[in-house]
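Taking it in order: structure first as structure tokens, then the write-up.
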Amino acid sequence: IEEQLNPSLSTFDYAAAADTIERLAPVTDYMLFKEDLIGIKEDFDLVEKTWVEFRNAMSSRVGTVEMFGIKRGTIKAVDGHGLTLVTPDGDVMLTRKEMQPAWIKAKAEITKEKAPEAHYGLGVMFLHKGKDKHARSIFSQHGDAQQKAERHLRWLGWRDEVRAMEVYKTLVAASQEKAIRRVPKIAAEFEVRFGNTRLFGQESAKIRQMVE
């Protein structure tokens, strides 16, 4: 599911993501995730509102010089696909998929005074860009957002368990091959990246034995 859905989410292409969810949700093998998939799809409208707020803020600044990461230029035009900057090297188009949530937060001035929906939309954007810690921080500061975000946090949990299993399989293979130098490195990576997963908790004793 992640392989099919993540490319659309990480580029903020919510129309494509919605189509993917519509296709995946009824599949019998994915019934465990159906409710959360539908909930994630329902959140797209809120995220889109956050995007529109950013777009409106940028439209009001056409003709001014702005920074987006390392790119600096005069805003020439803004539309639903992104914005155009006039730079010394010519016009540069920044599309939706290139936009970073941190830029959107700053440029749209999503401060504490903003409505909870704006913060929730921003938090979901951070999630879709793989910035899990930023998203969790936002959700934890807004009770309503935290409650709505549970489906996304469950999704992250499932994703981490799957990724943890891949690293664990690599660790077991290295141990069986008696790759003495590789085993401690893989075990350390496993603990750093996936120390909070259920898999790590279940297999921690075996991991220690492999390292020893």
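Counting 0.36 nm for each residue step from Tyr30 to Leu153 and taking away their Cα separation leaves a gain of 42.5 nm.
Per-residue counts of other Cβ atoms within 10 Å, averaged by peptide: what ranking do you get for 3-11, 173-181, highest first? Spell out each step's value before the answer.
Details: 3-11: 15.2, 173-181: 12.2.
Peptide ranking by packing, descending: 3-11, 173-181.
P(r) for the chain, from all Cα pairs and a bin width of 5 Å, is 1, 6, 13, 14, 14, 13, 12, 10, 8, 5, 3, 1, 0 %, short bins first.
Three semi-axes describe the equivalent ellipsoid of the range 1-95; taken as square roots of 5 times the Cα gyration tensor eigenvalues and ordered largest first, they are 35, 13, 9 Å.
The angle separating the long axis of helix 198-211 from the principal Cα axis of greatest extent in the chain is about 50 degrees.
Net charge around Val167, counting only other residues with Cβ within less than 9 Å of its Cβ (Lys, Arg = +1; Asp, Glu = -1)?
Details: positive: Arg163, Lys169, Arg193; negative: Glu166, Glu189.
Taking every other residue near Val167 into account, the sum is +1.
Quick one: with all protein chains in place, what share of the accessible area of the chain is carbon or sulfur, to the nearest percent (1.4 Å probe)? It would help to have the intermediate numbers written out before the result.
Details: 6230 of 12270 Å².
In the chain, the share of accessible area belonging to carbon and sulfur is 51 percent.
Per residue, the range 131-208 exposes an accessible area of 65 Å² to a 1.4 Å probe, with every protein chain left in place. Along each principal axis, taking the top coordinate minus the bottom one, the Cα set of the range 37-88 gives 45, 21, 13 Å in descending order. The packing ranking, built from the mean of other Cβ atoms within 10 Å per residue, places the peptides 185-197, 86-98 in the order 185-197, 86-98, highest first.
What ranking, highest mean first, results for peptides 199-209, 49-59, 17-27 when packing means the other Cβ atoms within 10 Å averaged over each residue? It would help to have the intermediate numbers written out before the result.
On the way: 199-209: 13.5, 49-59: 18.2, 17-27: 15.7.
Answer by packing, highest mean first, reads 49-59, 17-27, 199-209.
For the chain, modelled as a GNM whose springs connect Cα atoms under 10 angstrom apart, the maximal fluctuation among Val172, Val78, Val124 occurs at Val172. Over 21 Å between Cα atoms, which of Lys129/Lys185; Lys49/Lys107; Lys49/Lys148; Lys71/Lys129 qualify? Result: Lys129/Lys185 exceed 21 Å.
The values are calculated or read from the model by the stated rules, or taken from the named source; none is laboratory data. Everything numeric in this text was worked out from a predicted model, so none of it was measured. So basically every Cβ, Gly included, is an ideal-geometry build from the backbone, and we count neighbours across all protein chains shown. Side chains are part of the model used for accessible areas, which takes the heavy atoms of the whole protein and leaves out ligands, DNA and RNA. Shrake-Rupley method; radii C 1.70, N 1.55, O 1.52, S 1.80 Å.
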